[in-house]
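Trainee: The structure is given below, and queries will be raised subsequently.
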Amino acid sequence: MSDRKKEQYENRKDKQLPKPEEFDAQGNFHASMKEQYSQKDIYLDLLQNASSMLKPGGRIVYLFHNDDEKSEEENRFPAHPLFRFICASKDVLTKHRSRFLITM
């Protein structure tokens, strides 16, 4: 396992490194549907992967779901040092839930 992969998974809550059979032939990790994968981790992984795939100055646009019943910390838009927040468009879904179209 590469040093980058080790570092990425050392920060997981369960502190267990993935088993070799959890990687595909290219060395990419596949998370089982049975594992807890927090919303925050999903968006951080999305931004990290996008940072390595986009050209400099490229944009990423994605949906971010918000729940008014969750804490402010859980509803905060994810950030990444290589991306600059451009705008967010809110779409109200229900009384307590909405989604934002985020452009970075």
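The values are calculated or read from the model by the stated rules, or taken from the named source; none is laboratory data. The model shown is predicted, which means the values in this text are computed figures rather than measured ones. All Cβ positions, even for glycine, are placed from backbone atoms using ideal geometry, and neighbour counts span all protein chains on display.
Trainee: Does at least one position in region 49-59 carry a residue that is free of Cβ contacts under 8 Å to residues at least 60 places away in the same chain, in contact with a Ser or Thr (Cβ under 9 Å, 6 or more places away or on another chain) and on the phi < 0 side of the Ramachandran plot? So that I can check it myself, show each step before the final result.
Mentor: Step one: list which residues in region 49-59 are free of Cβ contacts under 8 Å to residues at least 60 places away in the same chain, which gives 49-59.
With in contact with a Ser or Thr (Cβ under 9 Å, 6 or more places away or on another chain) added as a condition, the list becomes 59.
Filter again for on the phi < 0 side of the Ramachandran plot, leaving 59.
Yes: region 49-59 contains one or more residues that are free of Cβ contacts under 8 Å to residues at least 60 places away in the same chain, in contact with a Ser or Thr (Cβ under 9 Å, 6 or more places away or on another chain) and on the phi < 0 side of the Ramachandran plot.
Trainee: While we're looking at this one, here's another question. Take the conditions loosely packed, with under 12 Cβ neighbours inside 10 Å and assigned to a loop (DSSP other than H, G, I, E, B) and apply them to Lys70. Does it pass? Steps first, please.
Mentor: Working: loosely packed, with under 12 Cβ neighbours inside 10 Å: no; assigned to a loop (DSSP other than H, G, I, E, B): yes.
So Lys70 fails the test.
Trainee: Before we move on, is Tyr62 touching a strand residue (DSSP E or B) at 6+ places or on another chain (Cβ under 9 Å), surrounded by 12 or more Cβ atoms within 10 Å (Cβ to Cβ), at pLDDT 90 or above and not in a loop (DSSP other than H, G, I, E, B)?
Mentor: Working: touching a strand residue (DSSP E or B) at 6+ places or on another chain (Cβ under 9 Å): yes; surrounded by 12 or more Cβ atoms within 10 Å (Cβ to Cβ): yes; at pLDDT 90 or above: yes; not in a loop (DSSP other than H, G, I, E, B): yes.
Against the criterion (touching a strand residue (DSSP E or B) at 6+ places or on another chain (Cβ under 9 Å), surrounded by 12 or more Cβ atoms within 10 Å (Cβ to Cβ), at pLDDT 90 or above and not in a loop (DSSP other than H, G, I, E, B)), Tyr62 qualifies.
Trainee: Looking at region 40-59 only, could you name the residues that are assigned to a loop (DSSP other than H, G, I, E, B) and surrounded by 11 or more Cβ atoms within 10 Å (Cβ to Cβ)? Please lay out each step first, then the result.
Mentor: Initially, region 40-59 is screened for residues assigned to a loop (DSSP other than H, G, I, E, B), giving 54-59.
Correct list: Leu54, Gly58, Arg59.
Trainee: Condition test on Tyr37, is it surrounded by 10 or more Cβ atoms within 10 Å (Cβ to Cβ) and at pLDDT below 90?
Mentor: Values: surrounded by 10 or more Cβ atoms within 10 Å (Cβ to Cβ): yes; at pLDDT below 90: yes.
For Tyr37, the condition - surrounded by 10 or more Cβ atoms within 10 Å (Cβ to Cβ) and at pLDDT below 90 - is met.
Trainee: Looking at region 83-104 only, could you name the residues that are surrounded by 13 or more Cβ atoms within 10 Å (Cβ to Cβ) and either within 16 Å of Asp45 (Cα to Cα) or of a type outside the set (Gly, Ala, Ser) (or both)? Break it down stepwise before answering.
Mentor: Residues of region 83-104 surrounded by 13 or more Cβ atoms within 10 Å (Cβ to Cβ): 83, 88, 97-104.
Phe83, Arg97, Arg99, Phe100, Leu101, Ile102, Thr103, Met104 - these are the residues of region 83-104 that are surrounded by 13 or more Cβ atoms within 10 Å (Cβ to Cβ) and either within 16 Å of Asp45 (Cα to Cα) or of a type outside the set (Gly, Ala, Ser) (or both).
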